[in-house]
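The values are calculated or read from the model by the stated rules, or taken from the named source; none is laboratory data. Nothing here was measured: the structure is a model prediction, and the numbers come from that model. Heads up, the Cβs are rebuilt from the backbone with ideal geometry, glycines too, and the neighbour counts pull from every protein chain shown. Please note that ligands, DNA and RNA were not included when accessible areas were found on the heavy atoms of the full protein model with its side chains. Shrake-Rupley method; radii C 1.70, N 1.55, O 1.52, S 1.80 Å.
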Amino acid sequence: MTYTDKEKKFKRFNVTTALPYANGGVHIGHLAGVYVPADIYVRYLRLMQEDVIFVGGSDEHGVPITIKAKKEGVTPQDIVDRYHNIIKKSFEEFGITYDIYSRTSSQTHHKTSSDFFKKLFNDGKFIEKVSEQYYDEEAKAFLADRYITGTCPHCGNEKAYGDQCEACGTSLNATDLINPQSTLSGAKPVLRETKHWFLPLNDYEAFLREWILENHKEWKPNVYGQCKSWIEQGLQPRAVTRDLDWGVKVPIEGAEGKVLYVWFDAPIGYISNTIELLPDDWEKWWKDKETKLVHFIGKDNIVFHCIVFPSMLKAEGSYILPENVPANEFLNLEGDKISTSRNWAVWLDEYLVDFPNKQDILRYVLCANAPESKDNDFTWKDFQTRNNSELVAILGNFINRTIVLTHKYFEGKVPKLNALNELDKATIEEIKTYPQKIGNLLETFKFREALFEMMNLARLGNKYLTENEPWKTVKTDIERTENSINISLQICANLAILMEPFLPFSAKKLQKMININPLNWFEVGNSDLLNEGHKIEEAELLFERIEDSEIEKQTNKLLQTKESNKENNYKASEQKENIQFDDFAKMDIRTGTILEAEKVPKTKKLLKLKIDTGIDQRTIVSGIAEYFEPEKIIGTQVSVLVNLAPKELKGIQSQGMILMAEDKDGKLVFVSPNEKVVNGAEIR
RNA sequence: GGCGGGGUAGCUCAGUUGGUUAGAGCGUCGGAUUCAUAACCCGGAGGUCACGAGUUCAACUCUCGUCCCCGCUACCA
């Protein structure tokens with residue numbers, strides 16, 4: 001029975017963690033947001049002797065993996081094998097205690113997700129839509145947006161992807177690209193009709209409203225608010241299939257060459273992995289109302305776990321819904337956003353090599369500084385300080401001085417307890433409060449506060465010891481000395497259990513040092529955990545100081561990343577294919593002067609400009625508002641493409657285009673004559 | 001622009017249904033101490049609670065407006 005569920009509404013816990021995508025490693029952002037809190041939660045529940053399974057796995061489908069495979073000339077399976085193994089191994093070594101860590105490329109998962117789809121299909125839960133998509137006739141395959149490159153219609157970058165131009169950051173549709181090209185064969189793709197199935201999320205709006213907005217007001221504000229925002233913006237049908245050959249095949253006739261869209265199959269991975277763990281007994285973990293389902297995720301996943309997956313489960317009909325989705329915000333690194341592509345991260349597998357047997361320090365720092373209510377910053381300096389002045393100075397030091405004194409005065413045996421004085425009594429009373437205090441906090445997902453309370457017990461120990469001064473009383477009052485060492489040792493024993501969810505490796509070490517077996521959470525809080533005469537082992541340091549040099553090594557590593565990012569940051573795009581003079585001559589580019597400029601209401605980037613082109617005065621809408629203040633550009637002479645077909649933007653006819661140069665940081669600059677000339681002068 | 005989250009001591013965060021001098025840890029300064037990994041213990045300094053207005057006997061806490069940070073979303077010819 002947990003502290004917050006006195007009526008025993010729930011008999012068991014099913015705890016899942018977001019499936020890491022198997023095209024890269026796991027970094028501190030993932031750990032702080034998802035894996036560390038989830039592991040703490042599960043370890044705690046186990047100590048409470050609750051029935052709990054902890055389910056994880058790798059997400060191995062989706063287009064990015066196929067692209068990476070192609071780039072390296074290996075199969076997608078090779079890619080996911082590589083990263084799945086790295087991730088699985090580093091989780092193990094880091095002490096994330098999954099009951100199962102499997103993968104979505106498993107047979108079980110293919111069958112489970114395929115059956116899930118079929119059930120929804122047969123029950124008429126999908127709608128079908130036919131649309132036009134690019135098709136590569138040489139490779140005989142439909143092309144995902146990512147598989148198509150072409151010229152960005154906006155900035156002219158020739159290597160824009162079908163979903164996004166990385167040069168200007170614009171998100172695109174593949175059909176927007178000029179000169180589209182298949183990255184599979186290099187062929188020019190053609191449009192072809194294709195059929196897909198959609199989950200009409202809009203039909204679940206009433207259900208979601210009631211389930212979340214009415215019945216789960218206790219969810220974290222960031223999660224609840226985000227859901228509310230999504231629901232109120234209106235939900236759209238979402239495609240659940242794609243034309244791709246890497247993934248779970250769509251299990252119906254006429255769906256050759258189609259797979260389940262990765263967002264559809266990935267959350268079903270939680271179910272598949274449970275089945276793999278408990279083939280005969282999995283259903284009670286997913287279909288019994290007395291099971292508490294909890295998803296640990298990062299904030300980027302809120303929509304999938306609170307809106308989409310529950311709608312899928314609801315559509316299926318026989319599943320329970322998550323009871324809570326404690327999503328964390330993001331962790332930054334030394335002031336900058338963590339970024340895989342810029343290699344701005346502390347990778348778990350590298351940490352484990354650089355700091356062998358120091359898992360608990362990272363666990364501690366990431367928990368103490370977890371982005372529970374807002375984005376937070378990880379710095380190596382803070383890592384060092386928290387280790388040196390909290391783990392070493394408060395926790396490690398208390399344990400060490402107690403054990404050393406026990407050996408010094410009592411030959412390593414627990415001394416007997418005599419008549420208690422007021423301080424003894426007060427201390428014993430306070431010890432009693434910790435299991436429930438920490439338990440309550442953990443059950444309500446307040447991990448950093450729970451950790452803080454655990455440390456407070458060590459603070460209590462230090463204070464108790466200092467006030468008793470056994471190093472003085474040993475010469476004058478042996479009974480006092482016996483009491484103060486006995487009670488200090490009882491605090492050590494309590495800590496040995498209470499710290500286990502947070503600092504499992506050190507807890508184990510401490511348990512060995514004082515010769516006890518792990519107890520359950522309800523046995524803790526007492527001051528008779530160690531009997532008189534109980535033998536304890538020699539003192540061994542739980543934590544060691546981290547010197548400046550080690551921290552410098554890490555910050556230098558990051559500095560290097562920053563340097564090399566700077567150098568590699570900008571690569572001029574390749575020259576486009578040759579054109580004839582006539583092609584160029586078709587473009588009518590003129591000098592013009594900005595007469596008026598104002599922001600287009602309800603937009604962030606758009607300015608409405610009035611330009612004197614020498615030919616006429618015309619209106620042009622331009623997406624430059626982030627870089628220019630309207631008043632300051634009036635009078636500026638610019639280059640204007642005047643014979644571009646007009647286009648309506650936000651209800652305004654835009655007649656032409658202002659030519660801009662884009663710097664590597666995305667900043668836009670006017671392309672202007674370097675001396676004033678007449679308006680309407682041809683640029684050639 | 002719309003929606004959501006956040007803006008409290010140098011740093012990281014708590015602040016219950018609005019109610020006495022706004023709290024904690026770390027950092028810093030001073031003291032005490034020596035069992036302990038220059039650690040522990042005691043004490044001090046440090047905040048017009050983003051800004052402005054309003055409701056109220058009383059606002060960090062409620063209402064409105066403004067600014068800043070993060071995310072989602074629209075827009076970028």
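Here the simple spin-label model places points 7 Å from the Cα toward Cβ, and for A:Asp51 and A:Asn531 these points are separated by 3.4 nm. The C-alpha atoms of chain A define a longest principal axis, and helix A:447-468 lies at about 30 degrees to it. For trypsin sites (Lys or Arg not before Pro), the sites in the stretch A:206-290 that DSSP calls loop and that have at most 12 other Cβ atoms within 10 Å are A:Lys217, A:Lys289. Near the amide H of A:Arg103, within less than 5 Å, lie the amide hydrogens of A:Ser58, all on another chain or at least 5 residues away, with H placed in the peptide plane.
Per residue, the convex hull spanned by the alpha carbons of the stretch A:466-565 comes to 162 Å³.
Distance distribution note for the stretch A:5-69: the fraction of Cα pairs above 20 angstrom is 44%. Under 19 Å of direct C-alpha separation, and excluding same-chain neighbours fewer than eight residues apart, A:Lys605 reaches these aspartates and glutamates: A:Glu166, A:Glu596, A:Glu626, A:Glu629, A:Glu631, A:Glu648, A:Glu662, A:Asp663, A:Asp665. Here A:Lys413 sits with roughly 90 square angstrom of accessible surface, probe radius 1.4 Å.
Based on the alpha-carbon gyration tensor of the stretch A:182-223 and its eigenvalue square roots a ≥ b ≥ c, which shape applies: rounded if a/c is under 1.5, prolate if not and a/b is larger than b/c, or oblate? Oblate, since a/c reaches 1.5 and b/c is not below a/b.
Distance cut-off 19 Å, Cα to Cα: go down the list A:Lys11/A:Lys88; A:Lys220/A:Lys446; A:Lys463/A:Lys535; A:Lys217/A:Lys446; A:Lys299/A:Lys358; A:Lys284/A:Lys314 and report the pairs above it. Don't skip to the answer; put the middle values down first.
Values: A:Lys11/A:Lys88 29 Å; A:Lys220/A:Lys446 10 Å; A:Lys463/A:Lys535 25 Å; A:Lys217/A:Lys446 17 Å; A:Lys299/A:Lys358 28 Å; A:Lys284/A:Lys314 17 Å.
From A:Lys11/A:Lys88; A:Lys220/A:Lys446; A:Lys463/A:Lys535; A:Lys217/A:Lys446; A:Lys299/A:Lys358; A:Lys284/A:Lys314, over 19 Å: A:Lys11/A:Lys88; A:Lys463/A:Lys535; A:Lys299/A:Lys358.
Once every Cα of the stretch A:1-158 carries one equal point scatterer and solvent is ignored, give the base-10 log of I(q)/I(0) from the Debye formula at q = 0.13 Å⁻¹, two decimals. The Cα Debye sum returns log10 ratios of -0.87.
Is any residue of the stretch A:470-495 close enough, with backbone N under 20 Å, to a label point placed 7 angstrom from the Cα of A:Lys416 along the Cα-Cβ axis, and if so, which? Inside the label zone: A:473-490. Taking 15 Å as the straight-line reach from the Cα of A:Lys676, the aspartates and glutamates in range (excluding those fewer than 8 positions away in the same chain) are A:Asp612.
Give me the mean projected area, in nm² to one decimal, of the convex hull enclosing the Cα positions of the stretch A:207-264.
On the way: hull surface 22.3 nm².
Answer in nm², one decimal: 5.6.
Summarise the accessible area of chain A (1.4 Å probe, protein heavy atoms) by the percent that is carbon and sulfur.
On the way: 15290 of 32060 Å².
It is 48 percent, rounded to a whole number.
The simple Förster model, with R0 at 45 Å and r as the Cβ-Cβ distance, assigns A:Lys11 and A:Lys381 a FRET efficiency of 0.50.
Compute the length gained on full extension between A:Glu350 and A:Asn456: take 0.36 nm times their separation in residues and subtract their Cα-Cα distance, giving the result in nm to one decimal.
On the way: separation 106, 0.36 × 106 = 38.16 nm, distance 3.17 nm.
Value of the extension gain: 35.0 nm.
The angle between the Cα long axis of helix A:548-569 and the main principal axis of chain A comes to about 10°, on a 0 to 90 degree scale. The alpha carbons of the stretch A:249-350 stretch over 47, 40, 26 Å along the principal axes, in descending order. Using C-alpha pairs under 8 Å with a sequence gap of at least 6, the mean separation divided by the residue count of the stretch A:399-499 gives a relative contact order of 40 percent. Hey, could you get me the Stokes-Einstein D for the stretch A:596-684, Kirkwood radius over alpha-carbon pairs, 25 °C and 0.890 mPa s, rounded to whole µm² s⁻¹? Rounded to a whole number, D works out at 181 µm²/s.
Residue separation of A:Glu430 and A:Asp78 scaled by 0.36 nm, minus their Cα-Cα distance, works out to 121.2 nm of gained length. Multiplying the residue separation of A:Glu547 and A:Lys119 by 0.36 nm and removing their Cα-Cα distance gives an extension gain of 148.2 nm.
Leaving ligands, DNA and RNA out of it, rank A:Asp203, A:Asp288 by accessible area with a 1.4 Å probe, largest first.
On the way: A:Asp203 110, A:Asp288 45 Å².
These residues rank, largest area first, as A:Asp203, A:Asp288.
Expressed as a fraction of 2.2 N^0.38 Å, the value expected for a compact globular protein of N residues, the C-alpha radius of gyration of chain A is 1.19. For chain A, the solvent-accessible area of protein heavy atoms averages 47 Å² per residue (probe radius 1.4 Å; ligands and nucleic acids excluded).
Can you tell me the relative contact order of the stretch A:171-307? Whole percent, Cα pairs under 8 Å, sequence separation 6 or more.
Details: 107 pairs, mean separation 26.4, N = 137.
RCO, the stretch A:171-307: 19 percent.
When the surface is traced with a 1.4 Å probe over the full set of protein chains, A:Trp263 keeps roughly 30 Å² accessible. When only Cα pairs below 8 angstrom with a gap of at least 6 residues are kept, chain A shows a relative contact order of 12 percent. Of A:Ile485, A:Ile428, the residue with the largest accessible area leads and the full order is A:Ile428, A:Ile485 (1.4 Å probe).
Computed from Cα positions, the angle between helix A:63-72 and the longest principal axis of chain A comes to roughly 80 degrees. Hey, could you grab the Kirkwood Rh for the stretch A:206-302? Inverse mean 1/r over distinct alpha carbon pairs, Å, one decimal. Final number for the Kirkwood radius of the stretch A:206-302 is 16.3 Å.
Provide, in order from the shortest bin, the percent of all Cα-Cα pairs of the stretch A:71-133 in each 5 Å bin, continuing until the bin that contains the maximum pair distance. Pair shares across the bins are 3, 13, 14, 14, 14, 15, 13, 9, 4, 1.
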